[in-house]
Amino acid sequence: MSTSPILEVEALSLSTKSNQKLVQDVHFSLGRGESLGLVGESGSGKSLTLRSILGLLPSGVEQTGGSIRSDVSSAMVFQDPRGALDPLCTVVKQLAEVVYYRQKLSRKASRVAALELLELLGLPDSLKREDRYPSQLSGGQCQRVVIALALACKPGILLCDEPTTALDVTVQQQIIETITRLQRELGFAMVFVTHNLAIAATLCSKLCVMKQGRIVEHGDSLAILQNPQNPYTQMLINSVLPLPELEGSE
Amino acid sequence: MEPALQIQNVSVRYGDFTALDHIELKLQHHTTLGLVGESGSGKSTLARVIAGLITPDEGQMLLGNQTLKKKRSREQYKNIQMIFQNPDASLNPKHSIRQILAEALLFHRIVDRSQVEKRSRELLARVQLESKALDKYPHEFSGGQRQRIAIARAISVEPSLLIADEPTSALDVSVQLSVLELFNSLKRELNLTLLFISHDLGVIHAISDTVAVMRQGQLVEVSPKEQFFTRPESSYSRKLLSAVPKMPKSISSGGLYEPTL
Amino acid sequence: MKMIGTEPRLYEEHLNPTLMNRILKIPSLLVGGAMFAVLIILAVSIPFISPYDPSEQNLSAFLQPPSAEHWLGTDQLGRDLFTRLIYAARTDLSIMVLAEIVPFCMGILLGMLAGYYGKWVDKIISLITDTFIAFPFYLIVIIVAFASGAGERGIYITFMLVGWIVFARVVRGLSASYRKQEWVASAQTLGLPGIRIILRHLLPNVLPQAVVVLMTDMVGLLVAIVTLGYLGIGIAPPTPDWGTMISDGQSFITTAWWLSAVPGFAVVYTGIALSLVGDGLADLWRKK
């Protein structure tokens, strides 16, 4: 697999200013091209952990211990696609701007690169002719734009904070397929935060289960699913309500 | 025996936009109808029309053999109660739990004033909350607890039809299961007819007897549960079912979606 | 019996502090409250503190500087300034409070009706609001004063005409946004009539913000009362009033500057106290 890890988080601790511990003693590492799932419920600290990798902690929360070492740049995809886009700026323009600043291309080249990215993300060709505002796009399309914005930074690691939770299930499926295809093509590593164990296990080969700021179980996804060591993990597995097999499906 | 609820040709329009398009639906007594749909399907609008919050532009509804008119009677309101999705906003932040339950009990004359306290305690016990909760205010409870309080209020007036609009969607998974079990047990104990709305097919499978699918204001399919999940009639239902993320059982060929080095 | 789902959310620092705990953490509320309390205590106890009558003239002791006998000195008619000051506080503050009562209640009610019912109710009430907003307060007061004579009556009448607007606007906005919340929908599915929902459900939620607006509004009203007194068309002498005191003391600005300055300072002091309390209340209720 990978040789040296491109992301190493050791003994990470985050607290509020009044010393309430939000995340305690979190360890994990990520190799080149690997995918790690951070699974937990609300209050587990998974989102904060993700944000701390980028240094994007909300005000009032600070890192009180541990270290985060990363050789490569990271970019983040957020949960609310419309919240992540400037509503007053058209999407191609937004994307071109990121390309311009991050890839240091000329304005014209940035626009070309932006359109290429949008095509890679599966967005309709009509955007090439007529740029649109985020409010004119669907939720799924907006999320694709957000992913494009993240990829425009050419990150070594894509950080995803529940990117499909706010989307319909069919759109969710498309976005997951898109992300997996892109990972195959571009080779970035990924940290995927979600409360849905099924999604995390499908996308990621390694999982960390978090509860109240701590990692309660970690390891290979399938191993955890088939043989969970921690009762909390077992509870999360049980909460994915099973569906009968659909006749006629592959 | 006539159905518990009949929806006949109900339409709701907002200007050009059709939220509900000639909906025809029947709910049988003491069954759970699971209503599924994606965003914009109109399922919440339908719930609100049934609950009397929105007046349809066309069509009518029958509760048992009574027509539900635009201005409902107190009795008709009593018989149809609703639980909403967002636990943070479902209880009046300035009312104590005691006030919330007492108001429902007294307005519909379920018990007289002297019995209110006792009945309130019983209701809380039924949703597995302590009596101490009566003195507290909504902000002192977690999301799951607030949903329970909302359920307690809804069942306090002894409705025959309970509508639940995505009641577990905003809750943590650890709490979801217990709230679902609560719905199931209450339905049995109180002989309720339940209309349960969710976008989560796993939840729908766990709780429904019949499944109805909505898409863009139209009813696409109504089928018994087992049939829906194994042999759905419409291709849209099939599309929804195949989109549900499943737990991987084994390593598929080629490894998980990571590029090999 | 086990409470299910009791884990408090990790970010919420103190889940259920008592009201006192929260009040003690807000400096503006403490300072403003203290300032106002001092004022009220003085106003209430002045008959017991001061041996003087505020209208008692003592022409042989006019324009005396502050001393042990007269803590703030005397004015041009030998009246004790401190006594007058505090009696004026009674006058001005009570008018301020009384004048607010009807507009406050009226404005809140109209705002809730407009915000809750929307549609034509809102249109009519908004039309009325927009019309009355155009009325200039001081101009009307002067006209009313000329029509019915100077004095507090003019203030009450005028304020009843225009004072309710600010409350109606704030409450209308709040009501319209609360109307969309599920707890209002729950009350509606219960079958509760609209008026009951407005008075029992909406009102407690709307009141805190209305009170905050009230505090600020009172400052403006106090200044108006004092200004009118200064102009001679407000409260009539010999009733002590900060405005008339300032106006009386004008002629002695060079020799006994404190005659005007002290009541002026009292107005500023009260204004600051009310503003701080308003800010503090806003903080208190926001944190919840």
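So here's what we get for this one:
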| quantity | calculated |
| --- | --- |
| Cα-based helix-to-principal-axis angle, A:139-151 vs chain A, degrees rounded to 10 | 90 |
| Whole-Hz ³J(HN,Hα) from phi, Karplus 6.51 cos²θ - 1.76 cosθ + 1.60, for segment B:223-230, glycine and proline x | 9, x, 4, 4, 5, 4, 7, 9 |
| In Å, descending, principal axis extents of the Cα set of segment C:213-263 | 40, 19, 15 |
| Ranked C:Asp75, A:Asp86, B:Asp172, criterion: other C-beta atoms within 10 Å, fewest first | A:Asp86, B:Asp172, C:Asp75 |
| Straight-distance crosslink candidates among lysines, where the alpha carbon sits under 25 Å from B:Lys69 and sequence neighbours closer than 8 are dropped | B:Lys26, B:Lys43, B:Lys78, C:Lys119, C:Lys180 |
| Tally of Lys pairs whose C-alpha atoms are under 24 Å apart, taken over segment A:44-150, 8 or more apart or cross-chain | 5 |
| DSSP beta bridges in segment B:135-261 [antiparallel fraction, %, rounded to 5] | 55 |
| Ellipsoid semi-axes in whole angstrom, largest first, where each is sqrt(5λ) of the Cα gyration tensor of the protein assembly as shown | 60, 36, 26 |
| Shape call, segment A:1-160: gyration tensor on alpha carbons, a/c limit 1.5 | prolate |
| Residues in segment C:102-123 that a label on C:Asp130 would reach, taking backbone N under 12 Å of a point 7 Å out along Cα→Cβ | C:123 |
| For segment A:60-73, 3J(HN,Hα) per residue [Karplus equation, 6.51 cos²θ - 1.76 cosθ + 1.60, θ = phi - 60°, Hz, x = Gly/Pro] | x, 10, 9, 7, 10, x, x, 9, 10, 10, 9, 8, 10, 7 |
| Cα long-axis angle, helix C:152-162 against chain C (0 to 90 degrees, to the nearest 10) | 30 |
| Cα-based convex hull, segment A:114-250, per residue volume (Å³, whole number) | 151 |
| Computed helical MRE - 222 nm, chain C, DSSP H runs ≥ 4 contributing -39500 (n - 2.57), nearest 500 | -22500 deg cm²/dmol |
| Chain A: angle of helix A:91-103 to the longest principal axis, Cα-based, in degrees nearest 10 | 70 |
| Residue-averaged beta-carbon neighbours from other chains (10 angstrom radius) around A:177-189 | 2 |
| Volume in Å³ per residue [convex hull over Cα atoms, computed for segment C:47-196] | 179 |
| Spherically averaged projected area of segment A:187-249 from its Cα convex hull (nm²) | 5.6 |
| For segment B:120-261: rounded, prolate or oblate by the Cα gyration tensor [a/c cutoff 1.5] | oblate |
| Helical mean residue ellipticity (222 nm; -39500 (n - 2.57) per DSSP H run of 4+; nearest 500) of chain A | -11000 deg cm²/dmol |
| Once exposed loop trypsin sites (Lys or Arg not before Pro) are cut out (DSSP; at most 12 other Cβ, 10 Å), longest piece of chain A | A:105-250 |
| Set of aspartates and glutamates near B:Lys187 by C-alpha distance (under 13 Å), chain-local residues within fewer than 8 positions excluded | B:Glu158, B:Asp209 |
| Shape call, segment B:25-171: gyration tensor on alpha carbons, a/c limit 1.5 | oblate |
| Set of lysines near C:Lys25 by C-alpha distance (under 25 Å), chain-local residues within fewer than 8 positions excluded | A:Lys17, A:Lys21, B:Lys94, B:Lys136, C:Lys287, C:Lys288 |
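Each value in this text was obtained by applying a stated rule to the coordinates, not by laboratory testing. Keep in mind it's a predicted model, so treat the numbers as computed, not measured. Note that we place each Cβ from the backbone using ideal geometry, even for glycine, and neighbour counts take in every protein chain shown.
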